[in-house]
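Colleague: Following this message is one structure expressed as structure tokens.
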Amino acid sequence: MSYHSITTPAELDELCQHLAEVDRIGFDTEFVSEDTFYPELCLIQVATPARMVVIDPYQAGDLTPFWTSLADGNHTTIAHAAREELNFSLKAIDRLPANLFDTQLAAGFCSTEYPSSYASVVTKFLRRKPGKGEQRTDWRRRPLTTAQIEYALEDIRHLFDLHDAIAERIELANRTTWFQGEIEAWQKEVYEARSRQRWQKVSGIGNLPPRGLAIVRELWLWRQAEAQQRNLPARRVLRDDLIVELAKRKSDDPEKIRAIRGMHRGAKGKMVDQLAECIRRGLATDLDDLNRVSRPQMPPQLNLLGQFLSPALGSICRRADVATSLVGTASDVRDLIAYRLGFGGAQHREVPALAQGWRAKLVGNLIDDLLNGKKSIRIQNPRSPHPIEFDNLPDSKLP
């Protein structure tokens, strides 16, 4: 596979001049994330209609010109599952690549699988099999072998053909507007996630009362700041299960904190004092916003309706050749039902995903009709790949 290696600032500048002249840029990265707070960028692979290039971040100097080249201009930027690539760009220049076409996201609008690996998408849409090997590479080590570089280049080799094949299918299905709206929303979510307090993602907090959640939040904020300062993965500073246990005990006594199983190994004096201070803040904080976080008790029929209507979501998506997991989940179906029927004051909350935009057109409106008795569900042919049928009910049978 023919490629150029960029190992000097002068070579990087020349590449950026080339990127300013092309109409499509495909790119991917190799990084290592298990040992640091932010993933460590180890290699950048770039494809243009004329070149295949690898950039060595350890030798090429300041990468700001490269990220600026991706963000500027009218070219289409093509990548697969590009969340981390977007984060690298945002961290470098606080901007996103121009006119992004993410092949993983796009494939979900014309196939039933999402998220799909790059190899799976290439096989499905191009009937090719990308080369394998070097999957356990530590990309930080130098020098990289030719085999390692060629493996990395496989991740960009088919991007232009994928873009053409998937974009054509989306266009034929009249879903281009759907895809554009979704990728804009996804990029906005990636941008906002950098500053979002994601303490509600701590595992095991589902049954904690508001006071316990207040302690979790304070401990999570401390953990994030500590992990960033020490450049360590957050869970290596304090595990989720220990955060939950501290929130359950609600004690700022240093001896009781040290006594928690699993805490003694890393809990030195200063750290224990800081944890105790977090717990004190959690015990003292106002709970108004956390009372809103706690979900109200829902009537039992919500789960029954959700179990009955969730299969409708999958059936509709399979018929439309759209990935169910891209459209929504069983929880999204329950949220829509609760919103429409006013369970738990849901009608005063944010409009559910299935009631908005293309998801409403594809799924939400049909579920509304089922709830309102305008449509019925029946099994048409149990041997068919699409055994469920949705029938319009005559006006005389409407409630």
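Colleague: Relative to the present Cα-Cα distance, how much length would full extension add between D164 and R127 at 0.36 nm per residue of separation?
Modeller: Using 0.36 nm per residue and subtracting the Cα-Cα distance, I get 11.9 nm.
Colleague: So if we plug the beta-carbon distance of R211 and D94 into 1/(1 + (r/R0)^6) with R0 = 30 Å, what FRET efficiency do we get, rounded to 0.05?
Modeller: 0.20
Colleague: If we sort 168-175, 305-312 on the protection proxy, mean other Cβ atoms within 10 Å, highest first, what's the order?
Modeller: Top to bottom by mean Cβ count within 10 Å: 305-312, 168-175.
Colleague: Still on this model: Give the dimensionless ratio obtained when the Cα radius of gyration of the range 300-397 is divided by 2.2 N^0.38 Å.
Modeller: 1.07
Colleague: Same structure, new question: For T29, what residues show an amide H to amide H distance below 5 Å, using hydrogens built from the backbone and excluding near sequence neighbours?
Modeller: Q45
Colleague: Sticking with this one: Distance in nm between label sites at D289 and Y38, each 7 Å beyond Cα in the beta-carbon direction?
Modeller: 2.5
Colleague: Arranged by the count of other C-beta atoms within 10 angstrom, fewest first, what order do W199, W220 take? Write down the numbers at each step before the final one.
Modeller: Working: W199 18, W220 22.
Fewest-to-most Cβ neighbours within 10 Å comes out as W199, W220.
Colleague: Now, a different point. Return the Rg/Rh ratio of the chain with Cα-based radii and a Kirkwood Rh.
Modeller: We get a ratio of 1.03 for the chain.
Colleague: Next up: Once the convex hull of the C-alpha atoms of the range 199-293 is built, how many Å³ does it hold per residue, rounded to a whole number? It would help to have the intermediate numbers written out before the result.
Modeller: Numbers: hull volume 8.4 nm³, N = 95.
That works out to 88 Å³ per residue.
Colleague: Let me ask another. Under a plain spin-label model, where a point goes 7 Å from the Cα along Cα-to-Cβ, how far apart in nm are W186 and D321?
Modeller: That separation, rounded to one decimal, is 1.9 nm.
Colleague: Need one number: nm distance between label points at S120 and Y58, each 7 Å from Cα along Cα→Cβ, rounded to one decimal.
Modeller: Label-label distance for S120 and Y58, simple model: 3.3 nm.
Colleague: What is the range 189-254's relative contact order, in percent, from Cα pairs under 8 angstrom and six or more apart in sequence?
Modeller: 37
Colleague: So, one more: Given a Förster radius of 41 Å and the C-beta distance between Q274 and T329 as r, what FRET efficiency does 1/(1 + (r/R0)^6) yield to the nearest 0.05? Write down the numbers at each step before the final one.
Modeller: Numbers: r = 37 Å, r/R0 = 0.91.
For Q274 and T329, the calculated efficiency is 0.65.
Colleague: Over the range 183-251, how many percent of alpha carbon pairs lie in each 5 Å bin up to the one with the longest distance?
Modeller: Spelled out per bin, shortest first, that is 3, 17, 25, 20, 16, 12, 6, 2, 0.
Colleague: Over the range 199-293, what is the mean sequence separation of C-alpha contacts under 8 Å (at least six apart), divided by residue count, expressed as relative contact order in percent? Walk me through the numbers on the way to the answer.
Modeller: Working: 91 pairs, mean separation 36.6, N = 95.
Relative contact order for the range 199-293 comes out at 38 percent.
Colleague: Provide the gained length on full extension for the span A173 to R198, in nm with one decimal, where the gain is 0.36 nm per separating residue minus the Cα-Cα distance.
Modeller: 5.4 nm is the gain from fully extending A173 to R198.
Colleague: In straight Cα distance, which lysines are under 23 Å from K250, not counting same-chain residues fewer than 8 positions off?
Modeller: K201, K268, K270
Colleague: Sort H75, H4, H80 so the one with the fewest other Cβ atoms within 10 Å of its own Cβ comes first.
Modeller: H4, H75, H80
Colleague: Hey, another quick one. What is the calculated FRET efficiency for T145 to A20, with r their C-beta to C-beta distance and R₀ = 25 Å, to the nearest 0.05?
Modeller: Calculated value: 0.20.
Every number in this text was worked out from the coordinates using simple rules, so none of it is lab data. Computed from a prediction, not measured in an experiment: that's the story for all the values here. Please note: Cβ atoms are built from the backbone with ideal geometry, for glycine as well, and neighbour counts cover all protein chains shown.
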